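**Q** Just passing along the structure, written as structure tokens.
Values in this text are rule-based calculations from the coordinates and carry no lab data. Just so it is clear, the model here is predicted, and its values are computed rather than measured. Cβ: placed from backbone, ideal geometry, glycine included. Neighbour counts: every protein chain shown.
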Amino acid sequence: MEAIEFLLQGFTVALQPMNLFWAFVGVTLGTLVGILPGIGPALTIALLLPVTYKLDAVGAFVIFGGIYYGAMYGSSTTAILIKTPGETGSIVTTLDGPAMAARGRASAALATAAIGSFVAGMIGTALLVLLAPEVVKLALMFGAADYFALMCVAFVAVSSLLGSSLLRGLTSLFLGLAAGLVGIDQLSGSARYSFGTLELLDGFGLIVVVVGLFAFGEALYLVASKELRREEVMALAGPARMTREEFSRSWRPWLRGSFIGFPLGALPAGGTELPTFISYQVERRLSANPAEFGHGAIEGVAGPEAANNSAVAGVMVPLLTLGLPTSATAAIMLAAFQQYGIQPGPLLFSSNPELVWGVIASLFVGNAMLLVLNLPLAGLWAKLLHIPRPMLYGGIMLFAVLGVYGVNRSLFDVAVLGAFGVLGFLMRRLDFPVAPVIVGMILGPLAEVQFRRAIQISQGDLSVFYTRPIAVTLFIVALAALIGPTLLRRRSQKRGG
Amino acid sequence: VRARADWPQFAFGAAIVLGAAAMGLVALAVPPRAQDILLGPRLFPLLVMGGLMLLGAGLMLAAWRGTKARSTAPPPPIDDWRGVGLVAVALLLFAVLVETLGFIVAEAALFAVTASAFGSRRRLRDAGTGLALAGTAYVVFKFGLGLNLPTGGVTAYVLAKMGAG
């Protein structure tokens, strides 16, 4: 199999001492920001962009991959011990994890989450290895119109699957698309929405927007209600481990979670949140004792925690093979690729195989490191939860503003940061998902270029969008994703009421 | 049962409609070149702003009817406006201080005010922690990464004194 061959070559890159070191840096940082509430992989990678710019691309993406995987490990610790999801992928874990901890089984909950994450990370990455070359073959047939259709699928999926309603998701997406319009239009060179200012000619800085929405906006949101700031850390002594019985209850959910998470992550279905909900439902339905769910069922931790890790591996498929980000973190990684002048997509696999396969191989390496970091050292990581909240959020704000101001020394950037912070605060208060804003802002300009290029190639003939079989299929998928969930919701409401 | 209208969402929707309408007019105000009547740089702005106006109107309608379709529990009520104000002040203070007193002082102030917004009472310790963190960040960024951060009059004076002493 050629994929295996490429992967072996990837390992020769990933196992170089420097890249091993960067993988270790990435997974450690990822676990850290996963555990710390209020700071996630998207914000961390954005803040690291100016720093990693000094590294070669392989090193930088080895770090980013490690952060993304590590955050999924770390967030379970927070979900289990303080009933607050470290990241959105661990929301479901707050149902049964803390209940297990309350029964004194915190170490078992952490163990099943860590081992489940490991199993899922390995399975997910293996599926990535097998699937990516196939998607590349398909993607090589894509024309501009097909890419535009594909991006429409991603837009619809991100807005209909994240958040509580399609209307809210689409509003978030369109706010992001609007933010992405600012600056010089790539095809015509004319300035849009710059209002004669030099600062806006380059558009809103990605770091500025991400920090505004995810750091400042989040700080405003959390400080507003005392209830959101409660801190009760449950006791945990020593390493994470579980009994034989708990293990035998866990391994099937791990495997099921892995195979639920990967395809949903790989489809443009909006990252890690949805697969965890589905995994939880599946485990409850299959359980001999569904009444235990919500009161500390280990399957309710094992399945979703596996699902979120394999979903991350799945997210890498469209990102690497198509240049299509389906989560906020992936969108920022795409921007990072652009910073290096690299365009992820099918051609990247032939033009820069050592980068692609080196990064994929390092995901295996990082995953193994994460198991070691998170099983025996679980107790050590849990101590991080005792950092007083005032220090934690003061520190997050300090580093966030450093990341924004340090790059350009621009007070204008600080003002934009403030504006997006207020927007983020309003959106969180009014229950709008924030991730589609980032995806829209990054993907919007790319979609526009593909759209206009398609029309240029066809010399103004709009039929390219409905005569090419790939484009038509993708538009139908987008339409189905647009109205499908709403129809399903209506039906279940009718049945329920 | 008729649900109560959701005024905050109504206002948010209205703001989106108005903002998008204004931005749509801005896009229309740029005269298109002959060759790009259909395709030029104004097509996407107009599509996006039109979409936003529809979505904003949809939000207003849903808010008016009280059908919010929230699946998650709404966030707990805001009961700490002082904290919200302080976090905002922290950022403003940074913007004011960074070019006068310098990066380290501004970052330390940002840290201390944010900490106090989140309920810390130990002002002196916070200021000290902030100074230590900001100083470390300054050294790492300036000398490790070669990023040029404003030292600021006071800090430069102190550093010069220390260097001289």
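**Q** After finding the eigenvalues of the alpha carbon gyration tensor for the stretch A:367-417, what semi-axes result from the square roots of 5 times each, listed largest first in whole Å? Don't jump to the answer; show the numbers that get you there.
**A** On the way: eigenvalues 223, 49, 8 Å².
Listed largest to smallest, the semi-axes of the stretch A:367-417 are 33, 16, 6 Å.
**Q** What residues qualify as long-range amide H neighbours of A:Leu140, i.e. H under 5 Å apart, gap of 5 or more or another chain, H built at 1.01 Å from N?
**A** none
**Q** I've got another one for you. Taking each residue in A:426-438, count the Cβ atoms of any other chain within 10 Å of its Cβ, then average. What number comes out? All intermediate terms of the calculation are to be shown ahead of the outcome.
**A** Numbers: counts 4, 1, 1, 6, 12, 9, 3, 0, 0, 0, 0, 0, 0.
For peptide A:426-438, the averaged partner shielding equals 3.
**Q** Which residues' amide hydrogens lie under 5 Å from the amide hydrogen of A:Arg192, considering only partners 5 or more residues apart or on another chain, with H built in the peptide plane?
**A** Long-range HN contacts for A:Arg192: A:Gly183, A:Ile184, A:Asp185.
**Q** Follow-up. Which FRET efficiency value, to the nearest 0.05, is calculated for A:Glu2 and A:Gln338 with the Förster distance at 30 angstrom and r the Cβ-Cβ distance? Don't skip to the end; give the middle numbers.
**A** Numbers: r = 28 Å, r/R0 = 0.94.
E between A:Glu2 and A:Gln338, to the nearest 0.05, is 0.60.
**Q** To continue, here is another question. Below 13 angstrom from the Cβ of A:Ala235, what's the summed charge of the other residues (Lys, Arg +1; Asp, Glu -1)?
**A** Details: positive: A:Arg103, A:Arg105, A:Lys383; negative: A:Glu232.
Here the charged neighbours net out to +2.
**Q** Let me ask something additional. Where in the stretch A:95-113 does the amide nitrogen come within less than 20 Å of the point 7 Å from the Cα of A:Arg244, taken along Cα to Cβ?
**A** Only A:108-109, A:111-112 fall inside the zone, counting backbone N under 20 Å.
**Q** Order of A:166-178, A:109-121 by packing, highest average Cβ count within 10 Å first? Present the calculation step by step, with values, prior to reporting the outcome.
**A** Values: A:166-178: 26.0, A:109-121: 28.5.
With the highest mean Cβ count within 10 Å placed first, the list reads A:109-121, A:166-178.
**Q** Around A:Gly212, what is the net charge, scoring Lys/Arg as +1 and Asp/Glu as -1 over all other residues with Cβ under 12 Å from its Cβ?
**A** Working: positive: none; negative: A:Glu218, A:Asp413.
Counting the neighbours of A:Gly212, the net charge comes to -2.
**Q** Using the per-residue mean of other Cβ atoms lying within 10 Å as a proxy for protection, in what order, highest first, do the peptides B:14-20, A:447-453 fall?
**A** A:447-453, B:14-20
**Q** Follow-up question, since we're still on this one. Give me the one-decimal nm value for the distance between modelled label points at B:Ala57 and A:Leu286, 7 Å along each residue's Cα-to-Cβ direction.
**A** 4.8 nm
**Q** Sort A:407-414, A:202-209, A:305-312 for me by packing, meaning the mean count of neighbouring Cβ atoms within 10 Å per residue, highest on top. Spell out each step's value before the answer.
**A** On the way: A:407-414: 17.0, A:202-209: 21.6, A:305-312: 35.9.
Highest to lowest by the protection proxy: A:305-312, A:202-209, A:407-414.
**Q** Still on this structure, I have one more. Give, to the nearest whole percent, the P(r) tail of the stretch A:276-328 beyond 19 angstrom, counting all Cα pairs. Present the calculation step by step, with values, prior to reporting the outcome.
**A** Values: 555 of 1378 pairs.
Summing the P(r) tail past 19 Å for the stretch A:276-328 gives 40 percent.
**Q** Turning to a different aspect of this structure: Taking every eigenvalue of the Cα gyration tensor of the protein assembly as shown, multiplying by 5 and rooting it, what semi-axes result, largest first, whole Å? Mind dumping the intermediate values first?
**A** Numbers: eigenvalues 232, 215, 152 Å².
Output for the protein assembly as shown: semi-axes of 34, 33, 28 Å.
**Q** A further question on this structure: Could you give each residue of the stretch B:110-117 its phi-based ³J(HN,Hα) in whole Hz, using Karplus coefficients 6.51, -1.76, 1.60 with θ = phi - 60°, and x for Gly or Pro?
**A** 4, 4, 5, 5, 4, 4, 5, 4
**Q** May I pose another question? Compute from the Cα atoms of the stretch A:368-483 the Rg and the Dmax, the latter being the longest Cα-Cα distance, and quote both in angstrom.
**A** 22.8, 64
**Q** Working from Cα positions, state the angle (0 to 90°, nearest 10) between the long axis of helix A:328-339 and the longest principal axis of chain A.
**A** The angle comes out at about 50 degrees.
**Q** Provide the gained length on full extension for the span A:Gln186 to A:Trp251, in nm with one decimal, where the gain is 0.36 nm per separating residue minus the Cα-Cα distance.
**A** Details: separation 65, 0.36 × 65 = 23.40 nm, distance 5.04 nm.
Extra length available between A:Gln186 and A:Trp251 comes to 18.4 nm.
**Q** Per 10 Å bin, what percent of the C-alpha pairs of the stretch A:149-264 does each bin hold, from zero upward?
**A** Taking every Cα pair in the stretch A:149-264, the percentages come to 10, 19, 26, 24, 13, 6, 1.
**Q** Ok, one more. Give, in nm to one decimal, the length gained when the segment between B:Trp64 and B:Leu47 is fully stretched (0.36 nm per residue of separation minus the Cα-Cα distance).
**A** Details: separation 17, 0.36 × 17 = 6.12 nm, distance 2.56 nm.
Fully extending the segment from B:Trp64 to B:Leu47 adds 3.6 nm.
**Q** Normalised by the number of residues in chain A, what is the relative contact order in percent for Cα pairs under 8 Å and 6+ residues apart?
**A** Values: 981 pairs, mean separation 143.5, N = 497.
So the answer I get is 29 percent.
**Q** Hey, what do the phi angles of the stretch B:82-92 turn into as Karplus ³J(HN,Hα) couplings, whole Hz, using 6.51/-1.76/1.60 and θ = phi - 60°, x for Gly and Pro?
**A** Here the 3J(HN,Hα) series is 4, x, 4, x, 5, 5, 5, 4, 4, 5, 4 Hz.
**Q** Okay, next question. Taking a ≥ b ≥ c as the square roots of the eigenvalues of the Cα gyration tensor of the stretch A:163-215, is the shape rounded (a/c under 1.5), prolate (a/b larger than b/c) or oblate?
**A** Values: a/c = 3.18, a/b = 1.68, b/c = 1.89.
Here the stretch A:163-215 falls in the oblate category.
**Q** Starting from the Cα of A:Lys383, draw a straight line to each of the aspartates and glutamates and keep only those under 20 Å, dropping any in the same chain fewer than 8 residues away.
**A** A:Glu87, A:Glu231, A:Glu232
**Q** Next question. How far apart, in nm, are the 7 Å Cα→Cβ label points at A:Ile476 and B:Leu124?
**A** It is 7.4 nm.
**Q** Tabulate in residue order the Karplus-calculated ³J(HN,Hα) for the stretch A:141-147, using 6.51 cos²θ - 1.76 cosθ + 1.60 with θ = phi - 60°, rounded to whole Hz; enter x for Gly and Pro.
**A** Per-residue couplings from phi come out as 8, 6, x, 4, 4, 5, 4 Hz.
**Q** With a point put 7 Å past each Cα toward its Cβ, work out how far A:Thr197 is from A:Ile483 in nm, to one decimal.
**A** 4.2 nm
**Q** Can you tally the net charge around A:Phe11? Count Lys and Arg as +1, Asp and Glu as -1, for every other residue whose Cβ sits under 14 Å from the Cβ of A:Phe11. Don't jump to the answer; show the numbers that get you there.
**A** Details: positive: none; negative: A:Glu5, A:Glu354.
Taking every Cβ under 14 Å from that of A:Phe11, the sum is -2.
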